Amino acid sequence: MTELADRLASVQSAIDDAARDAGRSASELTTIVVTKFHPASLVRELAALGVTDIGENRHQDAAPKAAQLTDLDLTWHFIGQLQSKKARQVREYARVIHSIDRESLVDSLASAEHPLDCFIQINLTDDPSRGGVHATDLELLVEKVIGAPGMTLLGLMAVAPLGEEPRQAFAEVRQLSERVRAIVPTATKLSMGMSGDFREAVLEGATHLRIGTAITGNRPSPG
Ligand SMILES: *Cc1c(COP(=O)(O)O)cnc(C)c1O
């Protein structure tokens, strides 16, 4: 517990520093602690330390954890690639989906009875297996989301490509976000920044940081 508390506090203070250096208020930032591959007990410890936002990337891991922790007031964020056939099940516990990457997924998720906040994920690489929509198809997907019952578009999500300067990648996302806001002025949020690059993300306007190992310690290997 103590080590976890220490790591959480040191990441929080690094986020505060980055916000200050960017001339921003840390209160504009939501820190999502990514607990993939960790047991529900770790999520419970995080909640006891005041964490309210939890990120998971695989439905088969996330669903049992969320089911074990319904007594806690947590916001579950789904951040991984999502198969359309799992969409309805993910909607049962996730309040925010960060990985909208195609129109068919929007059809599977949309429901007037299940309000969902979502981010469109941008693929900044040429590798289609990385997840995310290519920038050329961005406007079409934005139109699709805003026409979908129950879905609110918060903004864009991205992962900085390996081997690229993260600040450059995040600046690109910030620019793409202008194209989104031209269609939906309220979709101002940016989900970007992980353990290794959250400072760069804050400097480029991130509002939602997805931080795993810097807080949780090393992940157990995928089950
Ligand atoms: C695992 C993961 C993270 C967190 O990564 P860390 O490097 O452990 O901070 C963030 N975003 C996505 C999409 C992830 O899959």
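The values are calculated or read from the model by the stated rules, or taken from the named source; none is laboratory data. Nothing here was measured: the structure is a model prediction, and the numbers come from that model. Because the Cβ atoms are built from the backbone with ideal geometry, glycine has one as well, and the counts that use them run over all protein chains shown. Surface areas here come from the heavy atoms of the whole protein model, side chains and all, with no ligands, DNA or RNA. Shrake-Rupley method; radii C 1.70, N 1.55, O 1.52, S 1.80 Å.
Between VAL142, GLY55, GLY132, the Cα set farthest toward the positive side of the dipole of the stretch 44-171 (charges on each charged residue's Cβ, about the Cα centre) is that of GLY55. Put simply, when 100-111, 204-215 are sorted by average Cβ atoms within 10 angstrom per residue, most first, you get 204-215, 100-111.
Surface composition of the stretch 108-223: carbon and sulfur atoms hold 50% of the protein heavy-atom accessible area at a 1.4 Å probe. For LYS36, the lysines whose Cα falls under 20 Å of its own Cα, not counting residues fewer than eight places away in the same chain, are LYS65, LYS86.
Sites listed here are GluC sites (Glu not before Pro) in the stretch 16-93 whose DSSP assignment is loop and whose Cβ has at most 14 other Cβ atoms within 10 Å: GLU92. Backbone geometry of the stretch 15-23 corresponds, through the Karplus equation with coefficients 6.51, -1.76 and 1.60 at θ = phi - 60°, to 3J(HN,Hα) couplings of 5, 4, 4, 4, 4, 4, 5, 8, x Hz, x marking Gly and Pro. From its DSSP helices (H runs of at least four residues, each -39,500 (n - 2.57)), the chain gives a residue-normalised ellipticity at 222 nm of -11500 deg cm²/dmol.
Other residues within the sphere of radius under 14 Å centred on the Cβ of GLU178, judged by their own Cβ, net out at +1 (K and R +1, D and E -1). Counting only protein heavy atoms and a 1.4 Å probe, the chain has 46 square angstrom of accessible area per residue.
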